Each structure stands twice: as C-alpha cells, then as structure tokens.
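These notes concern the structure reproduced below.
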There are 2 protein chains.
Amino acid sequence: MDIEEFRKRGYETVDRICKYYQELENYEVLSKVEPGYLKKVLPKEVPEEPEPWEKIQSDIETKIIPGITHWQSPNFFAFYPANSSFPSILGDMYSDMFNVIGFNWASSPACTELESIVLDWMGKLIGLDPNFHSDGRGGGVIQGTASEATLVTLLAARYRMLEEYKAKGLDGEELRTISTRLIAYGSDQTHPCLNKATMIANTRFRALPTDNNFSLCGETVKQEIEKDIANGLIPFFIVGTIGTTNSAAIDKITDIVDAIKGTNIWLHIDAAYAGSALICSEYKYLLEGINQANSFDLNMHKGLLTNFDCSCLWIKERKYLINALSTASPDFLKNSASKDGLGLDFKDWQIPFGRRFRALKIWFVIRTYGAKGLREHIRKRHNLAKQFYNKILQYPDLFIIPLPSNFGLVNFYIKSSNSSKNSNKLTEMVYNRLNENGKVYLTQTKMRGQNMIRFAPGSPLTIERHINQICELLLNITQEVIAISL
Amino acid sequence: MDIEEFRKRGYETVDRICKYYQELENYEVLSKVEPGYLKKVLPKEVPEEPEPWEKIQSDIETKIIPGITHWQSPNFFAFYPANSSFPSILGDMYSDMFNVIGFNWASSPACTELESIVLDWMGKLIGLDPNFHSDGRGGGVIQGTASEATLVTLLAARYRMLEEYKAKGLDGEELRTISTRLIAYGSDQTHPCLNKATMIANTRFRALPTDNNFSLCGETVKQEIEKDIANGLIPFFIVGTIGTTNSAAIDKITDIVDAIKGTNIWLHIDAAYAGSALICSEYKYLLEGINQANSFDLNMHKGLLTNFDCSCLWIKERKYLINALSTASPDFLKNSASKDGLGLDFKDWQIPFGRRFRALKIWFVIRTYGAKGLREHIRKRHNLAKQFYNKILQYPDLFIIPLPSNFGLVNFYIKSSNSSKNSNKLTEMVYNRLNENGKVYLTQTKMRGQNMIRFAPGSPLTIERHINQICELLLNITQEVIAISL
C-alpha cells in the first residue's frame, strides 16, 4: 500500500468512522454470534499473495461487525462506560504516525514530556495535593489499566516496606522470609485486579468485610491489621476504592487513613471509574481522603472521552516506584539524559519497557473540550442516570433501588410479592429479556445474594430519548414477566 | 467536535500522515531538544474553554515534532527497528472506531476470536509445533511487549512448579516457603525484562555466563542447575533468547532442552526481535529448539510492520497461564459463554483485565502484504545489513566486526593501532559524531569491555541509497577522528 493508496483508504476509513457513529443507534448493542462463529468463515492460513483492500474492508462489514458488542452505542448501559471521542481518535492517528517507542526520555523527548505535563494538568484540575505533581518528588504516568496501576503501586509499597527491614540490617535471605509475611488488603468489593496483583507479586491478600453501603470502614481495617500483626504478618498495602465496580460504593478513606496512621502501610486509591467526576466541584469533598493517600488512579478511558487504554496514576514519592521497577540500564539503552538524571525514563514506572505516545490523545481531548466541556460531559451522564432513577422510582411496586446511586450508576432489582428468591428469579428473567431484545445492553451483578441489574450510561450520544426508551422497555418487560410469573 | 468536523480533521490528519512519510527522510532523526523543553512552551493548566483544532494542529508542528526521535525514518538504525505500515495504521483506526474493551469473549466476540485466529495463522506460517495451536491445549495471545510475555510465562511456570509441591501434600504456608527457593535463569545477554519479571514476581534470578559468541550453552545450564539444586534451590524457569538485544546472539536452545530434560523447568523462548525471521525458509532450522519449548514470543511490532504494541505469545499448555492469572470471575463479569467455557477470556492470559482490538492491525498487515510480502520485507532488511557489512569489511584498517552478523544487525568498532582502551575512545568519538550529525541515528553498546556501534536497518523506506550514505558518512567521520587522534 503506497502513500496515495493510503490517502484514499484513509479517507474511506474516516468516512466509515463517521458512518459508524451516525448509524450506531440502529445496531443491536450486544453481539448475538455463537462462540466459534468467525473460524467458520475465515481461511485456515495466512494468504500467500497480497489481498486487495476492498476484500479486507468488505470482511469488516460482513464478518467482524456482527461479532462486535457496541461499547460506543447510546444504548450501551453495561459494565462501566468506556467512551471515546473524535479528538481522541485523531490523537491515536498522530501517535500511530510517529510510532515511537518511548521507553526513556531520549527515545522521543516529546512523548515523555507531554505525558508528564498533561498528567500535571489533570492533577491540578482534580485538585490533587501538590506532592502528586512532577515538580517535587512525585508525578503522574499513564498506565494501560487500573490493574497495572494497582500492581505497580503494590510493588512500590513492597519495596518501601522491605527497605525498612533492610535498614534494620536484615540480609537478602532474611528479607525473602520477611516477604512471605507481607499482606495486602482491600474490601470484598475491591476490583479483582488487587487479588490478581497479589498473586503476581506473591504476597498475601485478604478482602475485608464492608458495611451496609458496601464501604470499607476504618474500624474494620484497624481491627484486622492489629490481628494480623499479632499473628506475625506484615501489613504493607491497602486499596481504598472510590466508586466500586459492583455498586459505585465509596470506601471511608479518611477513616482508613486514621486506621493506618503510624504504620508503614501504603494507601492506594482506586478511582478507576469515579475519579473522573473529581473535576467537578460537587465531588471535591472526596479530595480530603485522596490527598492523604500515597497513590491515586483514574481511568480517562472510562469517564473522560479518551480511547482505551489510558489509566492515569499519580504517586507522591516516585522513588519507590522507580526503585521497585528499574533494573540496571543495559548498555544498549544508556544515554546522556538518563545518565545525568535529567530525563524521566518511564520504562521504570511500569511493567513493560516499551510504551506508546498516549499523551497525545489526552492533550487533544482536554483542549478540544476544555475543562468546561469535560465537566459538562460528566454532569450530563450523571443527570441521565438520575432521570432513569427518578423514572423507576415512580414504580415502587415493581422496582427496588436498595443503595444510594453514586457517580451515574443505578443498581436495582425487581420487587416480588413473595420471597426474595422469587425476586432474584424475576430480576434474572427481566435482565435476560432486556438484553435479548437487542435494543439495549445492561449487565447484572449479585450483592449479598441479591441479583441486581446495573444501569450506567456513558456514551456522549446518549440523550433523554434513550433514557425514555429504556425505561419504557424495562417497564413493559417487567410487567410481562410479572404477569407470566403470577 | 461533531461528525462533519471530524471528517474534515480526519482527512487532514490522513494527509498529514502522507506528508510525514513523504518528507521523513529530510528530518533530523534524533531529536536535539534539551530536557524540559516542552514545559517552557506549554501552559501550566488545562484550558477552561475549548480550543480550536487549528491551534492544536499547529502545536503539533511547532512543539511536538521537534521533540520526536523519528523511529520510522529510513535513516533510523538505532536499537532494534520498530516499524509500522499503512495497513497497520488503518487497523488501529478501525480498532479506535469500535473502541471495545475485550476482556472476555462476550464483551466483543470478534475481538477475541480474530486474535486467536490470526495467532494460529502466524504460528502456522512460522512452523510452530501444533501443540502451540488453539485447537488443542495451547494457543496464542497478543501481549503488549515481550516483557509482559516473559512475566506471564514466568508466572505460569511458577504455578506449575508449585502445583507439583501441592500434589505432594504441602499446604499454603509450606508453599510460601517453597516459593522463596524458586530460581529463574537467563544469560548475561538476556533482556533485562527477565530480571524485572523476577523482581515483580519475587523469585530469585541468576544470569548465566555465555560463550565467545555470547550464546548460552547447555553445559553451563546443566552445571548451574545442579549446583543450585544441591544448595536447596528450586530451578523453575529459563529464558532462551533467539537474537539478543546486544548482538543478536542465539542461545543453544536444543542443548538447553537437553540440559533441563527430566526437570520441571519451563523453557520460554524470547525471540522478540529475531522471531519474525522465522517466516523465511532459511531460518526454519531454529524451529527444532523452539518447538521443544513451553512458550515462544516474538514482536510483530519489531519486524513485521505492525504498529507498537503487538507482541505475539504462544503457549503449549494454556491452563498454566490461565490458572496463574485468573481470579474468581466477579459477578459483574459473569456471562453464559464464560460459564460454559465456550469463549476464551483473554483477561486471564495477561496482567491487565481490559484489552484493545489489536488483532485487526495484524489481520490487515498480513492480508495486505501476504506471506510473500512479509518475507520480502525481512529479506530486504537483512540484505541491506549485509550490504553495510560488506562495505565496512573493505576497510579492515578502520573497522572491526568481531561477531557473526545475525538477523540484520551489525556490531562493529573502530580499530586502533594502539591499545584497546584507545579503540574504545575512538569508537565513542565516532559514535557521538555520527549522531550529532543529525542525518542518521545509531545506538551503541558495550560487550566485555568493548564499545560497539550497533547498526540495525528496519524501515520499509530504507533503500540502498541510505546504506551508501551512512557508509560514506561513517567513513569520513572515522577518518577525521583517527586523524585528530594521531
């Protein structure tokens, strides 16, 4: 494919993207293919000869699109939203044009510097403590996902804790034994990435129980830590969540800060989904807890219109991260900027060495929307969720909303005049019919035995009309299900 | 930015990409900015109001491009090449259009299925043992980088080894103690990602010495393992490299296979750079060793014209990977395909949960070039390196090429009539002047005390003319340097 053919196919692809977003509303949101569908229609081997673009493009339409679950649809209310935007797509196009591998400063200074700058920008916009800023001993870095942010901060915390024992004079073998006693904590609502991080790092982990609102409380943390210390374990890391995946619950961060005061436990705040809301004044009250933590993470690919992947991690003392993750720089990577400590080498802030130029898409999105536009997007999403909430609240005989609705997530279930078991069955039936219908996509969860349907709008294309549609659909299906269950 | 503005800006961006590749040859390859350059010219905060695209676009030209080291330039001979292509850029555009988060099968079946299919295609094209194919107990998966492939296979190996002890009846606490005795091996030439993986996973690591060609030999492995076992350690993982980063050395894989026979040690082959060459018949002899390994990884983003990131990992027994990396699926991710085991859930094959639709770019590249075109690209690169090799071979008084030139990499240094210390100094001076010149970019390394300049062509834009240019430049600079050093 030469330059002129690329120009032609590039224009066509831009047009295809425009058409996709114009028609997106008409697609069935959830793909209905059966496992193995694609293998049946694709060749078994790499073609020996080049194939023309027309053939590839036509396969996208006939073979790929049927297998797509349309995350950008205005009728996608599943999981948590992960929405993109046009400036973000343009940012990726520029990133692909350069295709630099920004492992260290010298490998493309703009890649590292723009990342540090836009993370400082975002930190200020949120209102993070200046200690999270790159000017001092901290800084921000883009991770692929919140999972990686949790893993790398856990490793930084382990490094810091083992340093303490090293300072006491313990040698390598003794430190190995110490490391088998390290224990990390989250709540029974913390994202499973924490458990996964402890499996990877080979430390202990315990999920602590939450209160009636599914929040982790300081008192619980205090008790469990004391118990573990008495049993010879070494608590070193705790994750507090702002906006859990199940129900958008908020852990009691300031109480957790008090509970771990005087210890060497690292507090990481996972605000993967809800953190975006902190750009709005009405959520700034959450900063009191966040700003006492050691690290903080939010996914711009969840709430702030930036293509996946784009998880923003801030850390107060970058030295622990860097020490935990840097190996001696091999000779083939040595350069004067690294040697003099002038350039940031982000390879030492993350699991992989190589990295893409992801700061471009953040920069394009922030500037195209402005802080104002980003806040409007967050508030619009939350308002749409509130509309949904208020609508179903009008049918107390049909729907129960058992929890506060935070950050644009509404969890509800179907009321049963009989037992709660029946309520679970009804909720499951309504859930299945909603998604079989094809017009919308929602996901379910289970909380303390109770089936729930989750509703989380996020697409910039979603407007009041879509809320009215799903409410009507939900109402009809629920009434049908109750009628046949009687 | 509405659909019509995106269409306009999308076309412009396509044009910009065309212009970039048209003019790329004229850019200074290595960025000359000073650390901190960008901070001085960018605002300190997020703009409150939206900014027009023209302003963003103009900042790319004036502020970003000066800070880019041009990895796609025909005069980029540094590190190992990481080249893209137009169909790969189009693949990313489609991936960004859908912006699906393919953590499990149901979240977008096409994303998981196409990935499994194109990895099977590539495996067949290379000639991998059928046990690496997804039909049986194995399969392929895209990782971000070879670092992540090394880490996840190390975790699979640890899982497998601890299972053996579990089967002997050891409990959780005993397994913790066992895990402190686990040791992983590479050579003193293995990429530092292995050391990093052992730091993350908290296992021991030792770099074993290599022979005169910088290859790891079976005898060394055998001796070291026996010594460690005698000392109470538990060898569980070894990386054999095909094409080391320093000098493209090839470890003696079949001998290593013999050395670990009868043990439960997992052999992972890191062919991040050189693995691409296996699509050519002249490299198939390497398969004998590879096909006896437990896992194998190559970076399509290095040699096969696919945008970073795209590291392809094949594994013979996926159950170890999945068991090492899967947590109980939380309720919000449960779906019938996962429950019935019909759909692959790639979140359990990698560190993060979320993932992009990267198979599209592989699919586009493979089909646009055909197997034939990909082989031509590899051979053209290797031939260009051979031309360079042959040219500098004509000046035995100036240049020494101390090692076999594998896979399109040529390492050389400047000959000195005096001591080897002087040779190091001369090599350093030539290296600095080459890069200061701005027309080309190479990197250096140090091997057993000897400074070397690395030459690795990769851009599809590089043709014989560029080889002649760099040879002439190198010759002139070397003669100058020698003249002033006399």
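The values are calculated or read from the model by the stated rules, or taken from the named source; none is laboratory data. Everything quoted here is computed from the prediction, not taken from an experiment. Heads up, the Cβs are rebuilt from the backbone with ideal geometry, glycines too, and the neighbour counts pull from every protein chain shown.
Are any residues in the stretch A:102-133 in contact with a strand residue (DSSP E or B) (Cβ under 8 Å, 6 or more places away or on another chain), in contact (Cβ under 8 Å) with a residue 60 or more places away in the chain and assigned to a loop (DSSP other than H, G, I, E, B), and if so, which ones?
The one that is in contact with a strand residue (DSSP E or B) (Cβ under 8 Å, 6 or more places away or on another chain), in contact (Cβ under 8 Å) with a residue 60 or more places away in the chain and assigned to a loop (DSSP other than H, G, I, E, B): A:Leu128.
Looking at B:Lys196, B:Lys227 in this structure, which one is over 24 Å from A:Thr203 (Cα atoms) and among the basic types (Lys, Arg)?
B:Lys227
If I go through the stretch A:352-379 residue by residue, how many of them are over 19 Å from B:Ala82 (Cα atoms) and either buried (at least 21 other Cβ atoms within 10 Å of the Cβ) or in contact (Cβ under 8 Å) with a residue 24 or more places away in the chain (or both)?
So the count comes out to 17.
Taking the conditions exactly as written (outside any helix (DSSP H, G or I), facing chain B (nearest Cβ under 10 Å) and closer than 27 Å to B:Arg356 by Cα), does A:Ile142 satisfy them or not?
So A:Ile142 fails the test.
Please enumerate the residues belonging to the stretch B:390-434 that are within 25 Å of the chain's Cα centre (by Cα), surrounded by fewer than 19 Cβ atoms within 10 Å (Cβ to Cβ) and at pLDDT 95 or above.
B:Ile401
Conditions first: (1) under 21 Å from A:Tyr80 (Cβ atoms); (2) of a type in the set (Gly, Ala, Ser); (3) part of a helix (DSSP H, G or I). A:Ala483 passes all but one, so which condition is the exception?
Looking at each condition in turn, A:Ala483 falls short on (1).
In the stretch B:16-32, what residues are at the interface with chain A (Cβ under 7 Å from one of its Cβ atoms) and surrounded by fewer than 15 Cβ atoms within 10 Å (Cβ to Cβ)?
B:Gln22
When you scan the stretch B:435-474, how many residues do you find that are more than 28 Å from B:Met300 (Cα to Cα) and either touching a Ser or Thr at 6+ places or on another chain (Cβ under 9 Å) or among the charged types (D, E, K, R) (or both)?
Total satisfying the criteria: 6.
Counting only residues that are facing chain A (nearest Cβ under 9 Å), touching a helix residue (DSSP H, G or I) at 6+ places or on another chain (Cβ under 8 Å) and crowded, with 23+ Cβ neighbours inside 10 Å, how many does the stretch B:118-139 have?
Qualifying residue count for the region: 2.
What's the number of the condition B:Arg358 fails, among (1) closer than 30 Å to B:Asn213 by Cα; (2) within 14 Å of another protein chain (Cβ to nearest Cβ); (3) among the charged types (D, E, K, R)?
The one condition B:Arg358 does not meet is (1).
Before we move on, is A:Thr478 buried (at least 19 other Cβ atoms within 10 Å of the Cβ) and either within 30 Å of A:Leu374 (Cα to Cα) or free of Cβ contacts under 8 Å to residues at least 24 places away in the same chain (or both)?
Judged against the criteria, A:Thr478 is not a match.
Under the condition of being assigned to a helix (DSSP H, G or I) and either touching a Gly at 6+ places or on another chain (Cβ under 7 Å) or facing another protein chain (nearest Cβ under 7 Å) (or both), which residue from the stretch A:75-91 is nearest to A:Phe364 (Cα to Cα)?
Among those residues, the one meeting the criterion is A:Pro87.
How many of the residues making up the stretch A:41-70 are of a type in the set (S, T, N, Q), more than 7 Å from every other protein chain (Cβ to nearest Cβ) and either assigned to a loop (DSSP other than H, G, I, E, B) or more than 26 Å from B:Ile279 (Cα to Cα) (or both)?
Looking only at that region, the number is 2.
Go through (1) in contact (Cβ under 8 Å) with a residue 40 or more places away in the chain; (2) closer than 26 Å to A:Ala197 by Cα; (3) touching a strand residue (DSSP E or B) at 6+ places or on another chain (Cβ under 9 Å) and name the single condition B:Phe205 misses.
Answer for B:Phe205: the failing condition is (1).
Of everything in the stretch B:92-101, what is part of a helix (DSSP H, G or I) and of a type outside the set (A, V, I, L, M, F, W, C)? Give them in sequence order.
Within the stretch B:92-101, B:Asp92, B:Tyr94, B:Ser95, B:Asp96 meet the criteria.
How about the stretch B:279-300: which of its residues are in a loop (DSSP other than H, G, I, E, B) and more than 17 Å from B:Phe237 (Cβ to Cβ)?
B:Cys280, B:Asn291
Please identify the pairs in which a residue from the stretch A:430-446 that is touching a residue at least 40 places away in the same chain (Cβ under 8 Å) has its Cβ atom under 8 Å from the Cβ atom of a residue that is part of a helix (DSSP H, G or I) and among the polar types (S, T, N, Q), counting only partners at least 6 apart or on another chain.
A:Val430/A:Thr478; A:Lys439/A:Gln469; A:Val440/A:Gln469; A:Tyr441/A:Asn435; A:Leu442/A:Asn435
Just to be sure, is A:Leu321 more than 19 Å from the chain's Cα centre (by Cα), within 30 Å of B:Gln444 (Cβ to Cβ) and at pLDDT 95 or above?
yes
From (1) surrounded by fewer than 20 Cβ atoms within 10 Å (Cβ to Cβ); (2) among the aliphatic types (A, V, I, L, M); (3) more than 18 Å from A:Ser179 (Cβ to Cβ), pick out the condition that doesn't hold for B:Ile178.
(3)
Within the stretch B:79-95, does at least one residue satisfy the condition of being without any contact (Cβ under 8 Å) to a residue 12 or more places away in the chain and either closer than 27 Å to A:Leu344 by Cβ or among the charged types (D, E, K, R) (or both)?
no
Output the residues belonging to the stretch A:1-39 that are assigned to a helix (DSSP H, G or I) and hydroxyl-bearing (Ser, Thr, Tyr).
A:Tyr11, A:Thr13, A:Tyr20, A:Tyr21
Quick check on the stretch A:1-15: of everything there that is more than 21 Å from B:Leu114 (Cβ to Cβ) and out of contact with any Phe, Trp or Tyr (no Cβ under 7 Å at 6 or more places or on another chain), which residue is surrounded by the most Cβ atoms within 10 Å (Cβ to Cβ)?
Checking each candidate, the answer is A:Gly10.
Give the residues of the stretch B:145-178 that are farther than 19 Å from B:Met199 by Cα, touching a strand residue (DSSP E or B) at 6+ places or on another chain (Cβ under 9 Å) and not in a helix (DSSP H, G or I), sorted by residue number.
None; the set is empty.
Assuming B:Glu115 fulfils every condition listed in (1) surrounded by fewer than 24 Cβ atoms within 10 Å (Cβ to Cβ); (2) closer than 30 Å to B:Leu325 by Cα apart from one, which condition is it?
Only one criterion in (1) surrounded by fewer than 24 Cβ atoms within 10 Å (Cβ to Cβ); (2) closer than 30 Å to B:Leu325 by Cα is unmet by B:Glu115, namely (1).
Of all the strands (runs of 3 or more DSSP E) wholly in the stretch A:179-278, which have at least 2 residues that are of a type in the set (Lys, Arg) and within 14 Å of another protein chain (Cβ to nearest Cβ)?
A:204-208
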